[in-house]
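Below is one structure, written out as structure tokens; the observations come after it.
The values are calculated or read from the model by the stated rules, or taken from the named source; none is laboratory data. Source: prediction; values computed, not measured. We place every Cβ from the backbone using ideal geometry, glycine too, and count neighbours over all the protein chains shown.
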Amino acid sequence: MDKNYKGFFASAMIFSILASGCSDSGNSSEFSASSSASDTSISVSDESTSSDDTSEDEQPSSSSQSAEIVQLSVKSSGYKSDIKDIFSENDLNPTYSAENEIILKNDSVELKGKGNVKNSDVMITEGGTYKITGTLDDGQIIVNSDEKVWLILDNADISCSDSSPVYIEKSDKTFITLAPDSENTLSDGKEYSSESSSDAVIFSKDNLTLNGTGTLNINANFNEGITSKDDLTITGGTININSVGNAIKGKDCVAVSSAEINITSQADGIKSSNYEEAGKGFIYIYDGTFNINALEDAFQAEQEFIIDGGNINIVSGDGSSSEYVKQHTDDFGFGGFSPQSKKSDTDTATTSETEDSISRKGIKSGSDMYINGGSITADCSSDSIHSNSDITISGGNFELSSGSQAVHADNTLSVKGGNINILKSYEGLEASVINVSDGDVSIVSDDDGFNASDGSSQGAMGQGIDGLEVNISGGTVYVNAEGDGIDSNGTINISGGTVTVDGPSRGGNSSLDSNSGISVDGGTLITV
């Protein structure tokens, strides 16, 4: 040990389209009642419910498919985000009625029930349930209603060459249900019409829910896969997305209770983008399976990120051994949201960013992050888990490989439980304050195992910086570091638990490195 204490951690019969339809991409179109096969409107009794936002979503009463409603127990205390009633009864209920049918016939559409069609564009202006089957070569499903709308995809294949295959201009709330045993595909083209105001395969200006038990394949060739300008909720189904832009984006929030989500994205995987309104811009995961390979961030929440469960497997930036791994001469990992990362909702995948400024993290939040359970396997060119504020880990199983910090918090990182296995990192745990009170932590790092730092240089002439701490009061910690095992630009306090430091393997480093003093008054400390 040198002279400093060395140390370590989103019904009108005539309607003027606001979004360009695929069949009439250059012009504004009108849908009107007609008896022709390609331009029809048939009205039936409206069984849709009130659009009162304060009432619980109610579905039409006669059902052709039924399912048991899942009951969830969401613990909501202690968060800035209101997740207590995030999943409504109908979010969790894939039961549906076939009161209206939209039958797609390649270049034409047959309607049974409500709706309007012109050429290959279908307009839904009344609430209710619409079952969609067949193949549409080049057209759109457009929703513009003041009521709730259910779209049932039952082996539907919809392509649109110059806009969104599913465009929700307005709705009290829209539910897209994947029918049992169905496989559905939605695809867009590489260029959108100048009249189009959307930029995703499924684009909604209002609240959107995806549920059911079928499969949805999304080929996003222009930009994003699924976008909601309000809340985006996913409670079931298998969703496969290949996108050139962000795969899934909910501006106000993304909430997932159960689903299998498989993503290959040239931008972000799952994102919530509202950083201006308090309590918005969050991601909440109750459960589900996620397999995400994103060239940029796998998950990005502009505000809070809450994980209660699920099986999360992610690769970002081509992984921890990719060409995107930065040299670490001056990278402290702080402030992971660069100005360029706050893109507007209309930004496309093509930006003026340089490769060096693009974020390629695994799970990232602009505000506090809470991980209470689940399983996370990450292989990332930058940080595996990153918060611009605090991180609290209370449970879960982690296997992390990182080209930078494995777990980084700008402020406080608290480990209260869980099994954290860091297989590869530049530094293992990094924050201004690192607290370990329970759980198992195992770290392999190219530099420091623990690093208590605020991103600035250490104090003058090696003096300590107030407020920087490593505190270990319980749990089991193992560190195999080439640099310092436990490094703090402030203090190191060990009062419990078992701490084993294997290394360092480079000269000039120590098992414990502190600029303000080391206190060991409990637990077991082993240095090898």
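When residues of region 102-160 are filtered for being among the hydroxyl-bearing types (Ser, Thr, Tyr), farther than 22 Å from Thr238 by Cβ and modelled with pLDDT of 95 or more, how many remain?
If we filter region 102-160 for residues that are among the hydroxyl-bearing types (Ser, Thr, Tyr), which is where we start, we get 108, 120, 125, 129-130, 133, 135, 145, 159.
Right, trim to farther than 22 Å from Thr238 by Cβ and you get 108, 120, 125, 145.
From what is left, the residues that are modelled with pLDDT of 95 or more are 108, 125, 145.
Within region 102-160, residues that are among the hydroxyl-bearing types (Ser, Thr, Tyr), farther than 22 Å from Thr238 by Cβ and modelled with pLDDT of 95 or more number 3.
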## Note on the structure
Filter region 486-528 for residues that are assigned to a loop (DSSP other than H, G, I, E, B) and touching a Lys or Arg at 6+ places or on another chain (Cβ under 8 Å); the one that is modelled with the highest pLDDT is Ser511
### Query
Hey, any hits in region 218-230 for a residue that's surrounded by fewer than 24 Cβ atoms within 10 Å (Cβ to Cβ) and under 24 Å from Tyr96 (Cβ atoms)?
yes
### Task
Taking the options Gly449, Gly403, name whichever one is crowded, with 24+ Cβ neighbours inside 10 Å, over 25 Å from Ile526 (Cβ atoms) and not polar (S, T, N, Q).
Gly403
#### Entry: Among (1) more than 16 Å from Ser265 (Cα to Cα); (2) among the small types (Gly, Ala, Ser); (3) within 18 Å of the chain's Cα centre (by Cα), the one test that Ser182 misses
(3)
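Hey, among Asn372, Asn411, Asn397, which residue is in contact with an Asp or Glu (Cβ under 7 Å, 6 or more places away or on another chain), surrounded by fewer than 19 Cβ atoms within 10 Å (Cβ to Cβ) and under 23 Å from Asp287 (Cα atoms)? Full working, then the answer.
On the way: Asn411 fails: under 23 Å from Asp287 (Cα atoms); Asn397 fails: in contact with an Asp or Glu (Cβ under 7 Å, 6 or more places away or on another chain).
Answer to the check: Asn372.
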### Query
How many residues, within region 196-238, are more than 17 Å from the chain's Cα centre (by Cα) and over 23 Å from Ser161 (Cβ atoms)?
5
#### Entry: One residue from Ser193, Ser198 being in contact with a Gly (Cβ under 7 Å, 6 or more places away or on another chain) and modelled with pLDDT under 95
Ser193
### Summary
Of all strands (runs of 3 or more DSSP E) fully inside region 160-216, the set with 1 or more residues that are of a type in the set (Gly, Ala, Ser) is 183-188, 200-204, 208-212
### Task
Please state which one of Phe290, Phe282 is farther than 23 Å from Lys173 by Cα, of a type in the set (Phe, Trp, Tyr) and at pLDDT 95 or above.
Phe290
